[in-house]
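Trainee: Encoded as structure tokens, here's the structure I'll be asking about.
The values are calculated or read from the model by the stated rules, or taken from the named source; none is laboratory data. Because the structure is predicted, anything quoted here is derived from the model rather than measured. Here the Cβ positions follow ideal geometry from the backbone for every residue, glycine too, while neighbour counts run over all protein chains shown. With ligands, DNA and RNA removed, areas are computed over all heavy atoms of the protein, side chains included. Shrake-Rupley method; radii C 1.70, N 1.55, O 1.52, S 1.80 Å.
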Amino acid sequence: MNDDGAWGAPALDLPRYLERVGLSAPPAPDLAGLSTLVRAHATTLPWENFDAVRGIPGDLTVGALQRRMIGGRRGYGCTGHVPLLAAVLQRTGFRFGAASGRVLVDGRPSASTHALLVVEVDGAPHLAEVGFGAVPLAPLRLESGLEQDADGWRYRLTASTVGFAEEWQLDFLDPSSAHQWRPQYRFALTDRTWSDLRMTNFYVATSPHSPFRGRLMAVVNRPGERHVLTRDAVITTRPDGFKESMPYAAADRQAILAATFAIDLPEDEAAALAAVSGS
């Protein structure tokens, strides 16, 4: 599953990554270690789609991802988070595979552009989701119908036959909407490689059909709450159902990104982003 040399694990500066996400030692390749790793990664490294909004396919090599997300205060979408965490998993002895998912928009499947990781620990496969933006802060066991808690947020994975193959669907229990289950995406356990992610990365940045075209967004997960930045508001949600949407002026975007999302956006990128996003 995890023998794809393109993940670039030998080039990963593991001590620097661990320091960046607040871990003092490499995690053991078991469920406890994976839980620690997923939570540390998800609550430290932000999600952003700014390159894709500007039509720029970013560099997915581990060196480039380290410079951006470990050496600097920047985030990435799923196609950046997945190869970075894959290199960490490879270096620390986990058995894992990458897969692709179809985001469900109003319940309907979109193109297969979401990248994710499935890790086998303690004899069972677990979803290690770090690239979806608002992500579960714990691995989710692939057991159909089982409701699982991740830092107060509730999730459910369900297996079903779609066409000729088995697919899994991730649902999220939305506490701010009468506790309704919200479909997130569907995925099959078909192994994907770094090269597949590079193709997806190019598509979401350059295709006129990309879901990110003109749709600026950043997400940061913190223990007990999430913050989502859109073109004109910052939305904060908590597991108890709290939801607040605070409008902001475009002139304040860089300061908000730095203070709340741990993203340092250079002046030239901020100006280009405002030009293509309409604010």
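Trainee: With springs connecting C-alpha atoms under 10 Å apart, model the chain as a Gaussian network and identify which of GLU48, GLU143, GLU19 has the largest mean-square fluctuation.
Mentor: Largest GNM mean-square fluctuation: GLU19.
Trainee: Among rounded, prolate and oblate, which fits the chain when a ≥ b ≥ c are the square roots of the eigenvalues of its C-alpha gyration tensor, a/c under 1.5 means rounded, and a/b larger than b/c means prolate?
Mentor: Values: a/c = 1.35, a/b = 1.17, b/c = 1.16.
Since a/c stays below 1.5, the shape of the chain is classed as rounded.
Trainee: If each DSSP helix of 4+ residues adds -39,500 (n - 2.57) and the sum is divided by the residues in the chain, what number results at 222 nm, nearest 500 deg cm²/dmol?
Mentor: Values: 8 runs with 76 residues, N = 279.
Rounded to the nearest 500, it is -8000 deg cm²/dmol.
Trainee: Springs between alpha-carbon pairs under 10 angstrom, Gaussian network model over the chain: which of ALA52, ALA134, ALA251 fluctuates most?
Mentor: ALA251
Trainee: Picking from THR43, THR260, THR200, which is most flexible by a Gaussian network model of the chain using Cα springs under 10 Å?
Mentor: Largest GNM mean-square fluctuation: THR260.
Trainee: Between MET199 and ALA249, what length in nm is gained on full extension when 0.36 nm per residue of separation is reduced by their alpha carbon distance?
Mentor: Numbers: separation 50, 0.36 × 50 = 18.00 nm, distance 3.49 nm.
The MET199-ALA249 span can extend by a further 14.5 nm.
Trainee: Is any residue of the range 112-136 close enough, with backbone N under 18 Å, to a label point placed 7 angstrom from the Cα of ALA6 along the Cα-Cβ axis, and if so, which?
Mentor: Taking a point 7 Å out along Cα→Cβ of ALA6, the residues of the range 112-136 whose backbone N falls under 18 Å are 112-118.
Trainee: If you don't mind, there's one more thing I want to ask. Determine the distance separating the Cα centre of the range 58-133 from the Cα centre of the range 143-177; give it in Å without decimals.
Mentor: Here the two parts' Cα centres lie 18 Å apart.
Trainee: Related question: Leaving out ligands and nucleic acids, note down the accessible area per residue over the range 209-279 with a 1.4 angstrom probe, in whole Å².
Mentor: On the way: 3570 Å² over 71 residues.
Per residue, the range 209-279 has 50 Å² of solvent-accessible surface.
Trainee: Next question. How much accessible surface area, in Å² rounded to 10, belongs to the heavy atoms of PHE242 with a 1.4 Å probe?
Mentor: About 70 Å², rounded to the nearest 10.
Trainee: Something else now. In the range 114-164, how does Rg compare with the Kirkwood Rh, expressed as the Rg/Rh ratio over alpha carbon atoms?
Mentor: Radius of gyration over Kirkwood radius for the range 114-164 works out to 0.97.
Trainee: Of ASP174, ASP191, which has the most accessible area with a 1.4 Å probe, and how do the rest follow in descending order?
Mentor: On the way: ASP174 25, ASP191 80 Å².
Ranked list, largest accessible area first: ASP191, ASP174.
Trainee: Show the residues, 5+ positions off or on another chain, whose built amide H is closer than 5 Å to the amide H of ARG222.
Mentor: HIS227
Trainee: Heavy atoms only, probe 1.4 angstrom, no DNA, RNA or ligands counted: give me HIS209, HIS41 ranked by accessible area, highest first.
Mentor: Numbers: HIS209 145, HIS41 0 Å².
Output order, biggest surface exposure first: HIS209, HIS41.
Trainee: Find the relative contact order for the range 1-62 and round it to a whole percent, using C-alpha pairs within less than 8 Å whose residues are 6+ positions apart. Present the calculation step by step, with values, prior to reporting the outcome.
Mentor: Working: 24 pairs, mean separation 24.5, N = 62.
It comes to 39 percent, rounded to a whole number.
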